[in-house]
Structure formats: C-alpha cells, structure tokens
Amino acid sequence: MSRTSTRRKQPQRRGSVKPKRRPQSRGQRVSILDQAVAALPVSEETLRRVSAWTIFSAVAALAIAVATWFGLPQAAYVAAAETVGRTGLRVSQIELSGLKRMDRMTVYAAALDQQSQAMPLVDLGAVRNRLLQHGWVEDARVSRRLPDTLSIDIVERTPAAIWQNEGQLMLIDADGVLLAPVTPDNMPDLPLVIGDGANAQEKNFRALMEAAPALKPTVKAATWVGNRRWNLTFLSGETLELPEGDLPAARALAKFAELDGMQGLLGKGYMRFDMRDPTKLVVRMPDDAERTITDEAGG
C-alpha cells in the first residue's frame, strides 16, 4: 500500500510581509525647482517680472530677426520693446548716488528725456552724454536695475576758485570748467581770479602761490593781465605786478615774500609793488612817488 505524502504549506511569517507604500499626495511633494526658487533672495513678483523680461526679450529678438528680413529692423525693435515695457519693465524710479551740489531735478530731466520709458528703449549712453554736458558732472555711470529702476552714479567736480569776468561770478574747478554762478553776498572761501581767460589759468595760479605759501592768506584776488601775466591784490589793499612766464613770476613772488618777511611791506600804506623786472622791486607811494626797495633798504 503506497503512502501519499502531503506537504502542509508553511504559514507565512507576519514579519516578512512588506507593507505597501502609500502614494504621496501631490500637496506633499516639493520639487527641486520649487526648493531652488524658494531659496532665491528675491520675491516671487520680481521673479515673474524677470521671467517676463526674458520671455519678451526672446520675442523681441525674434521680431527683430523677422523684421530685418523684411527691411524693418527699427520698427520691430521698438514694437517689441514697448510690449516688454507694458509688462511692467518701465522706468518708474531713478536711484541717484554721488550727488552733493548739483541740482537733483537737472539729473532727473536728463534721465527722463526719452521718447519711451520702456527699459529696452532707454539709451544709457545718451543719458550719460547729456549728464556730461553739465559743468558739475566730471563723470557719470548709468545702468538698468530690473525691473523698473534706472541707476545713476554721479562724480562731481570740486570747486577750486571763483572766476570774475565782465561783472559775473562763476564757480570753477581746477581745470577752469564753469560750474555754477555765485552772488557777491554768497561767495565761498575760495581764491578769486579775475579777467578774460583767468579761469583757464587757475592751475597755473595755484602753482604760482606755492612759491610763497606764507602769502596765500593775504591774497584777496589775482588778475590775469593781457593773457600773459598776473597782478595780485592783497587784503591790505596793495597790488603786486608780477613778470611774464611761470618761472620768472614764481621767483619774483618768492623774492617779494622774503622782503615782506624782513621789512614788513604789506600794510604800510604803499599803493603798488612793481616786479615786472624781477631783479628789482619798485614801490609806488600814495603821492605817486616811486622808489626802489632792495635787500639792504629799510622798510
């Protein structure tokens, strides 16, 4: 009699059963792109505008390419740029830096002198050139700051003297560039240079005064005579006539400072000192009499 063996099925262990994973809901999923966007230090609104700029720039480029093919590049560019501007990429504010003395409204006027305020149509080079036409502006940097800001950094000139010519007073810098008019009752504490072309000689005048630093506080004004030489007027009322040429004038002024230090020439009632001949000092008295002063002469 044959035995038929039947194998019982081993019961499956509970621990070996792998639990089914529940599908993650869409609300719980955070994509890498979302994480990257959240980590950016800008607002979502700014990102949307920058995205719009990118998209419409591409559209503008395509429009320009098509229009170029048909011979209308400028019209296509303007149309595409205006479309970009309507998305919010327009000049709505101007950020200024470096402005100290120049009128702020003058800068605004130069920046906004545009046919369109759409960012792509703002001609940065033209804005800079308009600013450079103003005396105060030594240099200017103009840039776009998306989505809606025009950034302008001004480098101003420094006033170095006051130029008086034909009854008008003007602030000038060390190169003689005209900066702004001034009034007699509101003059800053700066050297006064007088005469036609004296503004262009401001650097030479400063170099001249370095020959006699002790006399700087006593000089009220310097007159450029005949486009060739200087007359200095002192606070005490006297005038010193200097010779032509930078070196002869500097030597004569240094000599006068030496004589004044030894003999006290200023404030003694003299009218005029003539050193157009740098080898001697001729003094004019109140009665128009003249005499020559040397190293050995008394005051």
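Structure above, values below:
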| read-out | value |
| --- | --- |
| Residue ID - surrounded by the most Cβ atoms within 10 Å (Cβ to Cβ), chosen from residues in segment 258-283 that are closer than 15 Å to G237 by Cα, aliphatic (A, V, I, L, M) and touching a residue at least 24 places away in the same chain (Cβ under 8 Å) | L265 |
| Segment 114-164, residues that are over 11 Å from the mean Cα position of the chain (by Cα), within 30 Å of T223 (Cβ to Cβ) and aliphatic (A, V, I, L, M) | A160, A161, I162 |
| Enumerated strands (runs of 3 or more DSSP E) restricted to segment 111-214, each holding at least 1 residues that are without any contact (Cβ under 8 Å) to a residue 40 or more places away in the chain and either assigned by TED's automatic domain parsing to the domain that holds L235 or in contact with a His (Cβ under 7 Å, 6 or more places away or on another chain) (or both) | 161-165, 168-172, 178-181, 192-194 |
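The values are calculated or read from the model by the stated rules, or taken from the named source; none is laboratory data. Keep in mind that what you see is a predicted model, and the values were worked out from it rather than measured. As a convention, Cβ positions derive from the backbone with ideal geometry for all residues, glycine included, and neighbour counts pool all protein chains shown.
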